[in-house]
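K.L.:
Got a structure for you, written out below as structure tokens; questions coming shortly.
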Amino acid sequence: MHTYLVIAGALAVGLMAASGIAAVTTGWVAPFARRRILRPRLWGYGQLSGAAGASLWMFLGVFRARFDAVPLVGWFVFMGSLGVQMLAQRPGRAPAPVPPATESAS
């Protein structure tokens, strides 16, 4: 049973990383999330960091005596990536308008 869970976890992390790479490089987002994601590159960076954090948490967390802080760091990275993905669903700030150039008559 443990083998199946490891395979499922590795598959989930691999799919997260692949979708993050696709979003960063091409701006492609999965069809079920296209309406919500307004900034695909930011969302892709969130997916990539989430995949890295989940990997640290899942796969190094089982080595209790050797890596004490690394799984905890992975958990915090994963939680931070959720925040980045939430920011990707909000519209960005509009650029500040450029004031018109004034010419002085001299």
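The values are calculated or read from the model by the stated rules, or taken from the named source; none is laboratory data. All of these numbers come straight from a predicted model, not from anything done at the bench. Don't worry about glycine lacking a Cβ; one is built from the backbone with ideal geometry, like all the others, and counts go over all protein chains shown. Just the protein is used for accessible areas: all its heavy atoms, side chains included, with ligands, DNA and RNA removed. Shrake-Rupley method; radii C 1.70, N 1.55, O 1.52, S 1.80 Å.
K.L.:
Out of TRP75, TRP57, I need the residue that is touching a Pro at 6+ places or on another chain (Cβ under 6 Å), surrounded by 15 or more Cβ atoms within 10 Å (Cβ to Cβ) and part of a helix (DSSP H, G or I). Which one?
P.N.:
Sole residue among the options that is touching a Pro at 6+ places or on another chain (Cβ under 6 Å), surrounded by 15 or more Cβ atoms within 10 Å (Cβ to Cβ) and part of a helix (DSSP H, G or I): TRP57.
K.L.:
I would also like to ask the following. Please go through region 78-96 and give me each residue that is outside any helix (DSSP H, G or I) and over 19 Å from ALA18 (Cβ atoms), ordered by number.
P.N.:
GLN89, ARG90, PRO91, GLY92, ARG93, ALA94, PRO95, ALA96
K.L.:
Restricting to region 16-43, and then to whatever is assigned to a helix (DSSP H, G or I) and open to solvent by 50 Å² or more (accessible area, probe 1.4 Å), can you tell me which residue is nearest to MET86 (Cα to Cα)?
P.N.:
This residue is LEU42.
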